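S.K.: Quick one: the structure is below, questions incoming.
The values are calculated or read from the model by the stated rules, or taken from the named source; none is laboratory data. On a predicted model such as this, the values are computed, not experimentally measured, just so you know. When we count neighbours, we look across all protein chains shown, and the Cβ atoms used for this are built from the backbone with ideal geometry, even at glycine. Keep in mind that these areas ignore ligands, DNA and RNA; they rest on the heavy atoms of the full protein, side chains included. Shrake-Rupley method; radii C 1.70, N 1.55, O 1.52, S 1.80 Å.
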Amino acid sequence: MFKNQLLHYRTTSALKGNQSLRASIPYKQALTVGILFSVEDKPKHDAIKEFIKQLQLDGKKVSVLEYLPKQKDNYEFLFDFFTIKDLSFWGKINSPYAEKFIATPFDYLFCLDRESNPLIQNLLARSKAKCRIGKFSKSDHAYYELMIEQQNGSVRNLIDSMYKYAKQLR
């Protein structure tokens, strides 16, 4: 519990101190895309793989990082990942994959989780991405430049909505 409080403190501090340039460039001009998500189930995994293919067909260079919770399967081991074991006693995420991911100045960073996750929020707060896109939540507005409202829907529907609105950015 102590390290969760420290993680929260680090996240809040990162939000305030991150001087990254935030701006949405037109989708057609975007070259690099990051995808960040928590592992849930096989349908989510399959929907993300399809999304990656679509982005690549659009000419985007895609990087993926997943958070692998305890008791979840890492389907196909396709993506770089981090776990709760990477969270130090002092609330710092010690993962070379996570560090490389957040240091990349993606044109777009899609967070494909329907629920808030403190570890993912920390990475979003520290990210150098220009435009962070995620599911709408009143408490998460500081982490995103574009939020997609979705009442009760599947991850596939969330991805489809994010893609649709990102493509409309000019």
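Residue-wise test of (1) touching a helix residue (DSSP H, G or I) at 6+ places or on another chain (Cβ under 9 Å); (2) closer than 21 Å to TYR97 by Cα.
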position	(1), (2)
LYS3	no, yes
ASN18	yes, yes
SER24	yes, no
LYS42	yes, no
LYS49	yes, yes
VAL62	yes, yes
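S.K.: Sticking with this structure for a sec: So, SER24, is that one open to solvent by 20 Å² or more (accessible area, probe 1.4 Å), under 18 Å from the mean Cα position of the chain (by Cα) and over 18 Å from ASP113 (Cβ atoms) or not?
M.R.: The answer is yes for SER24.
S.K.: Now a separate question. TYR75 is checked against (1) within 23 Å of LEU15 (Cβ to Cβ); (2) open to solvent by 10 Å² or more (accessible area, probe 1.4 Å) and fails just one. What number does that condition carry?
M.R.: The failed condition is (1).
S.K.: Evaluate region 108-128: report whether one residue or more is closer than 20 Å to ASP58 by Cα, touching a Pro at 6+ places or on another chain (Cβ under 9 Å), among the hydrophobic types (A, V, I, L, M, F, W, C) and at pLDDT 95 or above.
M.R.: no
S.K.: Please enumerate the residues belonging to region 57-72 that are open to solvent by 100 Å² or more (accessible area, probe 1.4 Å) and either modelled with pLDDT under 95 or of a type outside the set (A, V, I, L, M, F, W, C) (or both).
M.R.: Listed by number, the residues that qualify are LYS61, LYS70, GLN71.
S.K.: Could you please tell me which pairs satisfy a Cβ distance under 7 Å, a separation of 6+ or placement on different chains, a first residue in region 147-169 that is among the small types (Gly, Ala, Ser), and a second residue that is surrounded by 14 or more Cβ atoms within 10 Å (Cβ to Cβ)?
M.R.: Pairs found: SER161/ILE148; SER161/GLN150; ALA166/TYR27; ALA166/TYR108; ALA166/ILE133.
S.K.: What are the residue pairs meeting all of these: first residue in region 105-130, first residue within 21 Å of LEU31 (Cβ to Cβ) and open to solvent by less than 10 Å² (accessible area, probe 1.4 Å), second residue part of a helix (DSSP H, G or I) and among the charged types (D, E, K, R), Cβ atoms under 8 Å, and 6 or more apart or on different chains?
M.R.: What qualifies is LEU112/LYS44.
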